[in-house]
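Have a look at the structure below before the remarks.
The values are calculated or read from the model by the stated rules, or taken from the named source; none is laboratory data. Note that this is a predicted model, so its numbers are computed, not measured. Cβ coordinates were reconstructed from backbone atoms using ideal geometry, including for glycine residues, and neighbour counts include every protein chain displayed.
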Amino acid sequence: MNFHKSINNLISIESNIKSNILNSTIPKIIAVSKTFPIIEIIPLIDYGHIHYGENKVQEALDKWSDIKIKNINIKLHLIGRLQTNKVKSALRIFDFIHSLDSEKLANKISEEQSKQGKRPKIFIQVNIGNENQKSGINKEELIDFHKFCESLNLDVIGTMCIPPNDENVKNYFSEMKKINEKLNFKDLSMGMSGDYIEAIKNNATYVRIGSKIFGSRD
């Protein structure tokens with residue numbers, strides 16, 4: 001069958017994952033559709049893929065509001081940084097938030113989910129490389145931060161990281177796996193187009209893949 005290139009790419013990634021997986025849990029592939037027009041995403045939607053990732057709240061609202069009404073199975077993941085003034089809009093469109101990185105943001109999500117009667121699934125972003133320029137919770141503060149989130153009735157399902165751009169990705173992913181197990185989480189969001197195989201070898205349950213599915217961005 002002659003599929004659209006994005007579908008062929010997705011099938012190839014799925015096959016690659018299955019041949020590298022170490023346990024029975026097959027990770028979910030978030031097709032990172034940020035900056036791509038909906039016309040390039042439709043073939044994947046028609047094929048039946050349900051997980052998509054966006055970086056910006058407004059772009060997601062513009063692109064996905066109508067599509068999500070017609071396709072109720074679609075799950076939209078916010079993988080970019082979330083500002084507190086965008087939380088209200090974010091909860092209207094996103095099912096998952098991968099970038100919870102402060103008490104202020106946790107408070108705002110808690111307040112807004114009560115108002116909207118919606119409870120998104122949330123990942124705590126971990127600053128795994130202790131980088132000043134990156135957001136995320138420091139490793140030493142994770143246990144307390146998780147307790148704080150629980151007190152706010154947030155549905156925290158796991159942790160997320162964007163490792164430093166150096167040669168130690170294996171070590172960072174291995175450390176994330178240990179952190180996740182210590183906190184007793186089932187889900188772990190890590191791994192992108194260049195390193196998703198290493199991520200799944202360390203129990204990633206969600207991988208965020210853009211260019212390997214849709215091609216390079218302009």
Within region 173-183, tally of residues that are more than 26 Å from residue 113 (Cα to Cα) and either surrounded by 14 or more Cβ atoms within 10 Å (Cβ to Cβ) or β-branched (Val, Ile, Thr) (or both): 6
Cβ-Cβ distance below 6 Å, separation of 6 or more or different chains: which pairs start in region 49-63 with a residue that is under 12 Å from residue 33 (Cα atoms) and end on one that is of a type in the set (Ser, Thr, Tyr)? 52/33
Which of (1) surrounded by 20 or more Cβ atoms within 10 Å (Cβ to Cβ); (2) touching a Phe, Trp or Tyr at 6+ places or on another chain (Cβ under 9 Å); (3) modelled with pLDDT of 95 or more is the odd one out, the single condition residue 90 does not satisfy? (2)
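Inspect region 120-142 for any residue being at positive phi and touching a strand residue (DSSP E or B) at 6+ places or on another chain (Cβ under 9 Å) and give the result as yes or no.
Within region 120-142, one or more residues are at positive phi and touching a strand residue (DSSP E or B) at 6+ places or on another chain (Cβ under 9 Å).
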Single match in 34, 70, 28 (criterion: farther than 26 Å from residue 198 by Cβ and either modelled with pLDDT under 95 or among the charged types (D, E, K, R) (or both)): 70
Out of 212, 170, 177, I need the residue that is charged (D, E, K, R), outside any loop (DSSP other than H, G, I, E, B), touching an Asp or Glu at 6+ places or on another chain (Cβ under 7 Å) and in contact (Cβ under 8 Å) with a residue 24 or more places away in the chain. Which one? 170
Selection count, region 119-152, where residues are of a type in the set (Lys, Arg), modelled with pLDDT of 95 or more and either under 20 Å from residue 207 (Cα atoms) or not in a helix (DSSP H, G or I) (or both): 2
Here is a list of conditions, (1) within 16 Å of residue 130 (Cβ to Cβ); (2) touching a Leu at 6+ places or on another chain (Cβ under 7 Å); (3) touching a residue at least 40 places away in the same chain (Cβ under 8 Å), and residue 145 meets all of them except one; can you say which number that is? (2)
Candidates 217, 208, filtered to the one that is closer than 20 Å to residue 78 by Cα and surrounded by fewer than 16 Cβ atoms within 10 Å (Cβ to Cβ): 217
Please pick out the residue among 186, 170 that is among the basic types (Lys, Arg), surrounded by fewer than 16 Cβ atoms within 10 Å (Cβ to Cβ) and within 18 Å of the chain's Cα centre (by Cα). 186
Where the second residue is part of a strand (DSSP E or B) and the first is without any contact (Cβ under 8 Å) to a residue 24 or more places away in the chain and lies in region 10-34, which pairs have Cβ atoms under 9 Å and are six or more apart or on separate chains? 14/29
Within region 180-209, can you find the residues that are part of a strand (DSSP E or B) and not charged (D, E, K, R)? 188, 189, 206, 207, 209
Contact list please: Cβ distance under 9 Å, first residue in region 78-93 and touching a residue at least 40 places away in the same chain (Cβ under 8 Å), second residue among the small types (Gly, Ala, Ser) and part of a loop (DSSP other than H, G, I, E, B), pairs at least six apart or on different chains. 81/135
